[in-house]
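Heads up, the thing below is written out as structure tokens.
Just so it is clear, none of the values below were taken in a lab; they were calculated from the coordinates. In this text the structure is predicted, and so the values were computed from the model without any measurement. Positions of Cβ are backbone-derived with ideal geometry, glycine not excepted, and every protein chain shown enters the neighbour counts.
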Amino acid sequence: MTIELKMLSLKQLTSQKADLVLIPVQDGKLSLSAFRTLDNAHNQALSKALASGLLGSACGDSLLLPALDAPGCMHSLLVNLGDKKSLNRKTYQKACQRLVTKLLELNVSHVINALPLVKVHGINFAWTVRDCLGELSRQHYQFTELKSDKTPRALTSVTTLFDTKAQQTALKTALKEQRAFDSGNALTRYLGDLPGNICTPTYLAEHAKKMAKQHSKLTTNVLDEAQMKKLGMGALLSVSQGSKQPAKLIVMEYQGARSKKSEPIVFVGKGITFDTGGISLKPSNAMLSMKYDMQGGATVFGLMQAIAEYNLPLNVVGVVAAAENFPAETATKPSDVVTSLSGQTIEITNTDAEGRLVLCDALTYVKKFNPAEVIDIATLTGAVITALGHSYTGVWGRDNKQIAELLKAGERASDEAWQLPLSDDYADMLQSDTADMINSHKQNPVAGSSVAACFLAKFTKDYRWMHCDIAGVASESGRLRATGRPLNLFFDYLLGKVSKR
Ligand code: BES
Ligand code: MN
Ligand code: ZN
């Protein structure tokens, strides 16, 4: 369950029923006049509490006060946001992070939030709202599906306050964006957190069909193995051939633009629902987190859900290449050669480099949509974690304007990406003695992520294209938990095409 997001004028604060109101404190004082008025009406209860020194001095420290004898009878949580002068986005986000942890410990269900009314240097009111609510939904999410105890969190709704007319307008838009994002984000994380014995290619395909039933602008079409074979998707099918779970190519079309003919933005997600490595088997410690090898696909699912809820006025196609990578007598062997949908032949030197094999056929397939641009999203290489850790999505492409636009969206949404090079030096490492190319270079992991990108580049010559390697950002390091990244990056990238940001 996501949190219900509401809005309210500051003037109506005391007429509202809630359990708790979040009140900002800056420079050791109540920084909003409305709360000074409230304070005066209640015998200085708030300022007396501040004078007690019980509120810690660090940004994000908070102090719970019992209900004021006021209409609504709300408890208050005083939240220290440090000095007015030095409150920037980073410190604000940190404060929100600490505050939300505290808030979720309290047994409250309805909260009124005045924090975004403070000025955070470097961002506007809308982002001040979204940063706070984003942190709330990030920590609020829990994966209880497979626990006996499925008790939901106490917190169910948050009402954000506005003061001016301009804030009211901005808040309305911010909440619309946040609701759509939260819904998509919960789906991305849920699909990732589901283990591979439940979340199979067939499960994903069924889920895509369900989504199409819920949203009138969304249609789903699923290609099965027989259809893929007929088309000639030899690369994709070589990955699933050792598994009892049949591969699925899941195609979700969202028509948001007025014209059906308006060229769509196409997202292609890697949907390996479990990656054992195949015959080039992974060691067990490296295999444990491989249920997340479909997070590229899960990001595409979340994105389709978010844009359908937002009612985005663009045409968007989401394709998920779903398969399981398993060893078996029937599995692909190292040195096997397959023919891809593009006609190019591939010598499979390592069956663990399977992501590029499912993606290359999906990337050839999407030409039929006459795309405005194509973006693939994949947990493609361990090497991207070596390069960028868990902080940035790695991005490759040929169009620097397109890449700059994506990097900017990442900064806005605090879901950042970093460009890495596509170079002939790396492409040269893919030469094969037997076929048109190999899928994994001998020198791996040297420049492993860029070599993988160069492999995909051979299949994406006919349109504007970017490749995003999310192996580092999609799940938490050292824990089995999906982050939902980089959904916010792509959602904001799309919003940037239809609204000023
Ligand atoms: N799914 C993995 C990449 C991965 C590794 C994602 C760690 C998340 C965390 C991918 O299929 C893979 O196995 N890549 C190989 C490529 C190599 C064989 C060229 C890798 O990174 O070692
Ligand atoms: Mn692999
Ligand atoms: Zn993989």
| task | Once you have the Cα-Cα distance between Asp424 and Ala41, take 0.36 nm times their residue separation minus that, and quote the gain in nm to one decimal. | result | 130.7 nm
| query | Going by a ≥ b ≥ c, the root eigenvalues of the Cα gyration tensor, does region 341-408 fall in the rounded group (a/c under 1.5), the prolate group (a/b larger than b/c) or the oblate group? | reply | oblate
| Centroid-to-centroid separation of region 130-175 and region 418-443 [C-alpha atoms, Å] | 45 Å
| remark: Number of Lys pairs in region 368-501 closer than 16 Å at Cα, excluding neighbours under 8 places apart unless interchain, is 4
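Counting only DSSP beta bridges with both residues in region 1-105, tell me the antiparallel percent, nearest 5.
Details: 6 of 12 bridges.
About 50 percent, rounded to the nearest 5.
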| Using modelled backbone amide H atoms (1.01 Å from N, in-plane), which distant-in-sequence or interchain residues come within less than 5 Å of Gln419's amide H? | Val395
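Run through region 275-344 and list the GluC sites (Glu not before Pro) located in a DSSP loop whose Cβ has at most 16 other Cβ atoms within 10 Å.
Numbers: sites: Glu309, Glu324, Glu329; in loops: Glu329.
When the GluC sites (Glu not before Pro) of region 275-344 are filtered for loop state and at most 16 Cβ neighbours within 10 Å, Glu329 remain.
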| field | Interchain or long-range residues, amide H under 5 Å from Phe274's placed H | value | Asn325
| For region 224-276 and region 292-309, what is the separation of their C-alpha centers, rounded to whole Å? | 14 Å
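Rounded, prolate or oblate: pick one for region 258-359, where a ≥ b ≥ c are the square roots of the eigenvalues of its C-alpha gyration tensor, a/c under 1.5 means rounded, and failing that, prolate if a/b is larger than b/c, else oblate. Please report the intermediate quantities before stating the final value.
Details: a/c = 4.26, a/b = 1.76, b/c = 2.42.
It comes out oblate by the Cα gyration axes.
Beta carbons within 10 angstrom, averaged per residue: use that to sort the peptides 17-26, 269-278, 178-187, highest first. Please report the intermediate quantities before stating the final value.
On the way: 17-26: 20.8, 269-278: 27.5, 178-187: 22.9.
Descending packing order for the listed peptides: 269-278, 178-187, 17-26.
Just the number, please: Stokes-Einstein D of region 81-218 in µm²/s, Kirkwood Rh from C-alpha pairs, 37 °C, 0.692 mPa s. All intermediate terms of the calculation are to be shown ahead of the outcome.
On the way: Rh = 17.2 Å.
Stokes-Einstein gives a translational diffusion coefficient of 191 µm²/s.
Rounded if a/c is under 1.5, else prolate if a/b is larger than b/c, else oblate: which is region 190-498, with a ≥ b ≥ c the root eigenvalues of its Cα gyration tensor? Could the numbers behind the result be given before it?
Details: a/c = 1.35, a/b = 1.24, b/c = 1.09.
Rounded shape, in that the Cα axes give a/c under 1.5.
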| said: Testing the spin-label approximation: label points 7 Å from Cα along Cα→Cβ at Arg398 and Lys85. State their distance in nm. | reply: 5.3 nm
| Over region 369-501, with a single point scatterer placed on each C-alpha, what log10 of the ratio I(q)/I(0) does the Debye formula yield at q = 0.12 1/Å? | -0.48
| said: Using the Karplus curve 6.51 cos²θ - 1.76 cosθ + 1.60 with θ = phi - 60°, what ³J(HN,Hα) values do you get for each residue of region 203-215, in whole Hz, with x for Gly and Pro? | reply: 4, 4, 5, 5, 5, 5, 5, 4, 4, 5, 5, 7, 10
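Which value in deg cm²/dmol, rounded to the nearest 500, describes the helix-derived mean residue ellipticity at 222 nm for the chain, given -39,500 (n - 2.57) per DSSP H run of n ≥ 4 and division by the residue count? Mind showing how you got there, number by number?
Values: 16 runs with 182 residues, N = 501.
Here the helix-only value at 222 nm equals -11000 deg cm²/dmol.
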| Rough spin-label spacing in nm, given labels placed 7 Å along Cα→Cβ, for Lys172 and Asn107 | 3.9 nm
| message | Based on C-alpha coordinates, I'd like the Rg and Dmax of region 69-127, in Å. | response | 13.0, 38
| message | For region 190-498, give me the percentage of DSSP beta bridges that are antiparallel, rounded to the nearest 5 percent. | response | 50 percent
